[in-house]
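> Supplied in structure tokens, the structure appears directly below.
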Amino acid sequence: MAKRTIIVLPGDGIGAIVLEQAIRVLNAAGFDAEYIHGDIGWDFWRREGNPLPGRTLELIEKHKIALFGAITSKPNDEAKAELNPSLQGKGFTYSSPIVGLRQYFNLDICVRPCKSYKGNPLNFIKRGKGNTIEEPLIDVVIFRQNTECLYSGVEWTNPPEKVYQAFLTHPKFRENFGQVPVEELSISTRIFTKKATSRILMAAFEHAKKYGYKSVTVCEKPNVIRETSGLMWKLAKEIQKNQFPDIKLINTNIDAQMMWLTKNPEDYEVIVAGNMFGDIASDGFAGLIGGLGFACSAQFSSDGIAVFEPTHGSAPKYADFEVSIVNPIAMIESACMMLDYLGEKAICQTIRKAIADVIIEGKIRTYDMMKMQGRPEVIQNGAASTVQMTDAIISKLKK
């Protein structure tokens, strides 16, 4: 009997492709697990009117751990048009299944490490003194609050009368939007709660303490978004003062952070933000370590549910290539985050060393690492396929 049971959620597009390669690496490294397929994604929306069937939720609830590939999301009108004809006009509304997973299981903590591999030709470089070229080591871990903020889904177009009247009680809304016809309004709410905000801040500080990081940066916009960003900054100061006085607390605004991440990225260690700004900052830092082909993530609930996934999308334009060209490292790194979470540190370190050895050797590189456009002919031009990159990593495991 396998030591672990892992729910695998291939999803759409390249999700199934990269997930298969990650499992090949896990098997080759000696990770003992049984993998159970879970239905999720666009095909289930079209066939059933639900991209996240209840049977999948039951599997995750039972086994607690999931590896997730990627999903396709489209605007509501396009989603309805692709429904099975027998389901159209029956009130089905598409919503992102990954957002649904986060909300159903309260996967409120999202962790996105961005660490550069030596020898990666896509690493960030800058000019130093005397016109020298510097390649700073990027080692940033972003903690993104995962269930609130603008992603909570509390929004309206042509808001109901009660909602409209409630907004009118705010003087700024009344002054700036009170004369706009209600049918011309679209409104999204940015919601932060003290409980969830405190939890993500505690997770960030605890991670910094556990792994020896010296600073935690709150990346929000409290000078303008005073209530929500202001709450996070206020709580961060209290937590740092009372529980983590040895860890430096830094405050940056998201707009300035996006400039500084290409000026002095090596100065940042652990960053914590709300849902939207955390999403932006993590993609920005991912660009410094090679892009989404290297960007992994994990999501955790307070009661032991954990989902691990690359941050890239389903990239449907690549899914139908006769030979897959996409970079599987982000998915493999996400699997490594799972291993770390499960206490399989030796296997995790072995896989990460194998990835590092392949990158520093430089003989096998996917099209993104060779700075090519993503077209089928990149294989003929010397780029490694998805499978070839996985094979190279597995070969290093055996040395």
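> Taking amide H atoms as placed 1.01 Å from N in the peptide plane, list the residues 5 or more away in sequence, or in a different chain, whose amide H sits under 5 Å from that of residue 36.
When sequence neighbours closer than 5 places are left aside, the close amide H contacts are 6, 7, 8.
> How high is the relative contact order of the chain, given as a whole-number percent (alpha carbon pairs under 8 Å, six or more residues apart)?
Rounded, it is 22 percent for the chain.
> Once a ≥ b ≥ c are taken as the square roots of the eigenvalues of the Cα gyration tensor of the chain, is the result rounded (a/c under 1.5), prolate (a/b larger than b/c) or oblate (a/b not larger than b/c)?
oblate
> Does the stretch 252-323 come out rounded, prolate or oblate, given a ≥ b ≥ c as the square roots of the eigenvalues of its C-alpha gyration tensor, rounded meaning a/c under 1.5 and, failing that, prolate meaning a/b above b/c?
Judged from the Cα gyration tensor, the stretch 252-323 comes out oblate (a/c at least 1.5, b/c at or above a/b).
> How do 183-189, 227-233, 201-207 rank on mean C-beta neighbours within 10 Å, highest first?
For the peptides 183-189, 227-233, 201-207, the packing ranking is 201-207, 227-233, 183-189.
> Around residue 44, under 13 Å between beta carbons, what's the net of Lys plus Arg minus Asp minus Glu among the other residues?
Neighbourhood net charge equals -2.
> Could you compute the net charge surrounding residue 201? Neighbours are other residues with a C-beta less than 14 Å from the C-beta of residue 201; K and R count +1, D and E count -1.
+3
> Please state, to two decimals, what the Cα-based radius of gyration of the stretch 130-242 comes to when divided by 2.2 N^0.38 Å (N = residues).
Here the answer is 1.47, to two decimals.
> Sum up the charges of everything whose Cβ sits under 14 Å from the Cβ of residue 256, counting Lys and Arg as +1 and Asp and Glu as -1, but leave residue 256 out.
That works out to -1.
> Ranked from highest to lowest mean number of other Cβ atoms within 10 Å per residue, what is the order of the peptides 68-80, 116-128?
With the highest mean Cβ count within 10 Å placed first, the list reads 68-80, 116-128.
> If you don't mind, there's one more thing I want to ask. Name the most mobile residue of 87, 150, 288, meaning the one with the largest mean-square fluctuation, in a Gaussian network model of the chain with Cα contacts below 10 Å.
Ranking 87, 150, 288 by mean-square fluctuation puts 87 first.
> Between residue 5 and residue 185, what length comes free when the chain is fully extended (0.36 nm per residue of separation minus the Cα-Cα distance, one decimal in nm)?
Here the segment from residue 5 to residue 185 would lengthen by 60.0 nm.
> Would you work out the charge dipole size for the chain about its Cα centre, treating the Cβ of every Lys and Arg as +1 and the Cβ of every Asp and Glu as -1, and quote it to the nearest 20 debye?
1100 debye
Values quoted throughout were computed directly from the atomic coordinates according to the rules given, and no laboratory measurement underlies them. As the structure is a computational prediction, the values presented were derived from the model and not from experiment. Because the Cβ atoms are built from the backbone with ideal geometry, glycine has one as well, and the counts that use them run over all protein chains shown.
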